[in-house]
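Nothing in this text is a laboratory measurement; each read-out follows from the coordinates by a stated rule. None of the values given here were measured: they were computed from a predicted structure. Every residue, glycine as well, gets a Cβ built from its backbone with ideal geometry; the counts of neighbours run over all protein chains shown.
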Amino acid sequence: MYPVIRKSNTKNHMIQNRSGEMEYLTFPGLGEITCIRHLFSTRLGGVSEGIYSSMNLSFTRGDEEEKVYENFDRIARVLEVNREQFVLSHQTHTDNIRIVTREDAGCGLTKPPAYENIDGLVTKEKGLVLSTFYADCVPIYLADPVKEVIGLCHSGWKGTVKEISAKTVHIMQEEFGCDPADIHGAIAPSICQDCYEVSEDVIAEIRNTFEGACETLFYKKQNGRYQLNLWKACELTLLKAGLLPEHIEVTDICTCCNPDYLFSHRASMGKRGNLGAFLMLI
């Protein structure tokens, strides 16, 4: 397996997996839920070249379209699905969440999406692959093995202060009768606190959302800027939404610390492809 810099202060160690040339990551806890499949992609095992090397999953950053399709096909083979089963988000740092149905199958990959500005996806439909994309922001997986409902959301700092993960949980409750105590959550590879420097305006938003817990989320530096812990912020949001502590897995892998293994917007100064988070009911 590719050597990876791991963070020692987290609870869970993600599993590195290989399928041919492709390397991908999974969570041990989610892997024990028999009604789902999941993975988080790395840069390794695709066909893209240059700054997109090699498992780029973005059609909008300048890569060759046929290579991106081949990369998706390699993901599909691992998940044992085809292109028509993927449902792609349309991320714009909102807290908008779509309930995915059979009519959405293939949206964003084999047909144009019938929606815009969607950063979260929820479904009870088996065989649909919820798909969201990253290069430092936080992917959050949600799975209820009792009601057999799943959710996947993209949470950068804007999504985090809007509490998109809690809103995804609430939709799972309201629409499908999920009990948050049954839901398993996972916070996937993204930028760690050591790498994530932000300005005062971001911290002002964090203070508004996380009043009373701010001392655990950031610290101020001599240059007047702050180091922000999005992993902890997302974990607190899931706890507030009613998930049990023992049902929450937190990544130990930072995108920015591992720019040869994972795409990182900050590490590459924006010259990069996209990673993908994938979750499906079977």
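Between a first residue in the range 33-52 that is under 16 Å from GLY151 (Cα atoms) and a second residue that is β-branched (Val, Ile, Thr) and part of a helix (DSSP H, G or I), which pairs have beta carbons less than 7 Å apart while being 6 or more apart in sequence or on different chains?
So the pair list comes out as LEU39/VAL78.
Within the range 110-148, which residues are without any contact (Cβ under 8 Å) to a residue 60 or more places away in the chain, in a loop (DSSP other than H, G, I, E, B), within 15 Å of CYS35 (Cα to Cα) and among the charged types (D, E, K, R)?
Selection gives LYS147 alone.
Consider VAL161 carefully, then state whether it is surrounded by fewer than 24 Cβ atoms within 10 Å (Cβ to Cβ), among the aliphatic types (A, V, I, L, M) and without any contact (Cβ under 8 Å) to a residue 40 or more places away in the chain.
Working: surrounded by fewer than 24 Cβ atoms within 10 Å (Cβ to Cβ): yes; among the aliphatic types (A, V, I, L, M): yes; without any contact (Cβ under 8 Å) to a residue 40 or more places away in the chain: no.
So VAL161 does not fit the description; no.
Tell me, please, whether a residue that is under 16 Å from the mean Cα position of the chain (by Cα) and more than 26 Å from VAL122 (Cβ to Cβ) can be found in the range 204-223.
In the first step, residues of the range 204-223 are kept if they are under 16 Å from the mean Cα position of the chain (by Cα); the result is none.
Checked the range 204-223: no residue is under 16 Å from the mean Cα position of the chain (by Cα) and more than 26 Å from VAL122 (Cβ to Cβ).
So which pairs qualify, if the first residue must be in the range 74-89 and on the phi > 0 side of the Ramachandran plot, the second must be of a type in the set (D, E, K, R), the Cβ gap must be under 8 Å, and the two must be at least 6 apart or on different chains?
GLU80/ARG37
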